[in-house]
Amino acid sequence: MKKKLYGIVLLLLVLLVSALVMILPTFFTKGVSRVSLHKELHLPLILNDEKEVKLIFFGYSGCADICTPRLYAISEFYKTLSESERKKVGVEFLDISTPLDATLPERFATFFNPDFKGIYLDKEVLRIYTKEFNVYFSKSLTDATEYDHTVNLYLVKKTKNKKEIRYIYSAYPYDFRQIQLDIGELLHE
């Protein structure tokens, strides 16, 4: 009987430690999770922009729980950039939902800031973009009008007629102090 009780206690302890290892990091990241890379992009929508640096966010128009607070936070950060930085730094919102109204992504993005771009992608182009950026999304299992999707923020740099993903920010709230430093670094390369 003691061995059985000991086995159950040990199993519960292992489960508890496993759960803590998976859950605790989310409480302590405070937006500092970032990946640095040099991944060249061959996507015309992004290549045809005049901005040197671009923050890119994938979401869907009308997303209240995820996209709205993140785009609001990005907008508040964007306002802190100097006028000369805003001339060189853009923000793009790429809509994963392929809405029936192709103007909806632009209206949604500019609601947060008139300088933001909202981009409609048809299903085939969306597939290419999400693959290139490693973006996951699917219809929500609990609400047919919503999508589950990754919430990464991408920092893209234009250099000599090409664009590269330079940083990916995966934790929320985003560490805008670090993003500001990264933007400054990329603008002075």
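The table for this structure:
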{"quantity": "Residue satisfying condition, being in a loop (DSSP other than H, G, I, E, B), at pLDDT 95 or above, closer than 18 Å to residue 53 by Cβ and not small (Gly, Ala, Ser), within set 115, 182", "calculated": "115"}
{"quantity": "Per-region count, the stretch 126-143, residues in contact (Cβ under 8 Å) with a residue 60 or more places away in the chain and not hydrophobic (A, V, I, L, M, F, W, C)", "calculated": "3"}
{"quantity": "Count - residues of the stretch 76-102 that are part of a helix (DSSP H, G or I) and within 25 Å of residue 132 (Cβ to Cβ)", "calculated": "3"}
{"quantity": "Residues (closer than 23 Å to residue 43 by Cα and assigned to a loop (DSSP other than H, G, I, E, B)) located in the stretch 59-75", "calculated": "60, 61"}
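Here's the yes/no breakdown for (1) touching a Phe, Trp or Tyr at 6+ places or on another chain (Cβ under 8 Å); (2) surrounded by 15 or more Cβ atoms within 10 Å (Cβ to Cβ):
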| residue | (1), (2) |
| --- | --- |
| 89 | yes, yes |
| 103 | yes, no |
| 128 | no, no |
| 138 | yes, no |
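The values are calculated or read from the model by the stated rules, or taken from the named source; none is laboratory data. It should be emphasised that the depicted structure is a prediction, and the values quoted were computed from it without experimental measurement. Here the Cβ is made from the backbone with ideal geometry for all residues, glycine too, and neighbour counts use every protein chain on show.
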